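Read through the structure below, which is laid out as structure tokens, and then see the notes.
What follows draws every value from the coordinates through simple rules; no lab data is involved. Since we're looking at a predicted model, the values are computed, not measured. Backbone-built Cβ (ideal geometry, glycine too); neighbour counts: all protein chains shown.
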Amino acid sequence: MCAGNASIVRGLYEAFNSGDLPAAWALLDPAVSFVEPPVSRVPYAGYHSGPRSVVAAIFRHEEDLWEDFRAIPQTLVDTGESVLVLGFFKCVGRKTGDPRCMPFVHECFVNGERVSRMHTYPETARAMRIPD
């Protein structure tokens with residue numbers, strides 16, 4: 001991994017959080033894969049391959065469940081093989097109006113100038129409670 005990988009990963013979060021999906025899309029490798037753990041009541045759990053699948057399966061579900069959903073990276077650690085992102089999801093439940101702040105760890109892999117793979121490691125007991 002090159003020294004700019006953490007910057008590329010940070011750019012993905014910034015683009016997503018600002019609502020600039022075309023910029024976020026441009027930072028995803030054409031063969032990108034996202035792995036979301038099998039957490040109960042998470043409709044997009046599983047393996048998603050390709051930008052269209054990732055956006056359709058994950059980002060669109062977030063819009064259905066939450067208002068003002070943001071993934072806020074606090075610490076990025078370049079391991080040489082991947083970039084670990086420690087942060088929190090900040091949002092408001094669309095059905096309940098309840099604000100949420102939920103911790104996460106993402107492991108991102110960069111190929112060239114794009115994110116090629118992302119694995120999510122949620123703090124499942126508290127983080128993934130989704131309103132009915």
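What FRET efficiency, computed as 1/(1 + (r/R0)^6) with R0 = 30 Å and r the Cβ-Cβ distance, is obtained for residue 68 and residue 113, rounded to the nearest 0.05? Please report the intermediate quantities before stating the final value.
Details: r = 29 Å, r/R0 = 0.97.
Computed FRET efficiency for residue 68 and residue 113: 0.55.
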### Task
Compute the length gained on full extension between residue 101 and residue 35: take 0.36 nm times their separation in residues and subtract their Cα-Cα distance, giving the result in nm to one decimal.
21.6 nm
### Summary
With residue 119 itself left out, Lys, Arg at +1 and Asp, Glu at -1 over residues whose Cβ is under 13 Å from its Cβ give -2
## Note on the structure
Once Lys and Arg are counted +1 and Asp and Glu -1 for all other residues with Cβ under 14 Å from that of residue 75, the total becomes -1
## Note on the structure
Env charge @ residue 7, Cβ radius under 12 Å, K,R +1 / D,E -1, value -2
